[in-house]
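Only the coordinates and a few stated rules stand behind these numbers; no lab work does. Quick caveat: nothing in here was measured; it's all calculated off a predicted structure. Counting neighbours? That spans all protein chains shown, and the Cβs are built from the backbone with ideal geometry, glycine included.
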Amino acid sequence: MGCMEPLTPLEQALHAARALVLADLVAGRVAEADVVSLVEDSVARRRWWVEQWPDGMRYVAGLVAQDVQDALLERYGRWPLCPVCAFGDPHALDVEPELGPDPHWVCHQAGVKVAAVGSLGSAVGGAPSS
Ligand SMILES: [Zn+2]
């Protein structure tokens, strides 16, 4: 019974958001147990949020990424660090759109999209040279 039931769209969206943000944390080598719990906290909060506003379901991945970014800033410092700029002070990437589907990490200093949320691993260590 229970385990054969298909996930609801909400659970699918939350699962996807969790997986995407964890992939980016792994790419930045910060996916430690207490950091993973920050993701769980955010997913739990966003579940409540989407239940109040179902249209926000598509925005969950970008919101979880921003929640985790904020939580890490308080405890650890900036994340994710920009892998594109080889000069200047280390700086974090931002999620764009802040509230929208298909979120990306962008560097505002270089004015570039670095990677989709969940794909930071392919950008780290293989920074575009243009
Ligand atoms: Zn940058």
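Quick notes
- Rough spin-label spacing in nm, given labels placed 7 Å along Cα→Cβ, for Phe87 and Gln109: 1.1
- Within the chain, the longest run free of trypsin sites (Lys or Arg not before Pro) that sit in a DSSP loop with at most 14 other Cβ atoms within 10 Å is 79-130.
- Across all directions, the shadow cast by the convex hull of region 12-130 built on its C-alpha atoms averages 7.1 square nanometres.
- Sites matching chymotrypsin sites (Phe, Trp or Tyr not before Pro) across region 1-108 that sit in DSSP coil, with at most 16 neighbouring C-beta atoms within 10 Å: Tyr76, Phe87
- Computed about its Cα centre, the charge dipole of region 62-113 is approximately 200 debye, with only Lys, Arg, Asp and Glu carrying charge at their Cβ.
- GluC sites (Glu not before Pro), loop per DSSP, at most 12 other Cβ atoms within 10 Å - longest free stretch of the chain: 33-97
- Assigned charges on the beta-carbon of Lys, Arg, Asp, Glu; the chain dipole about Cα centre (debye): 260
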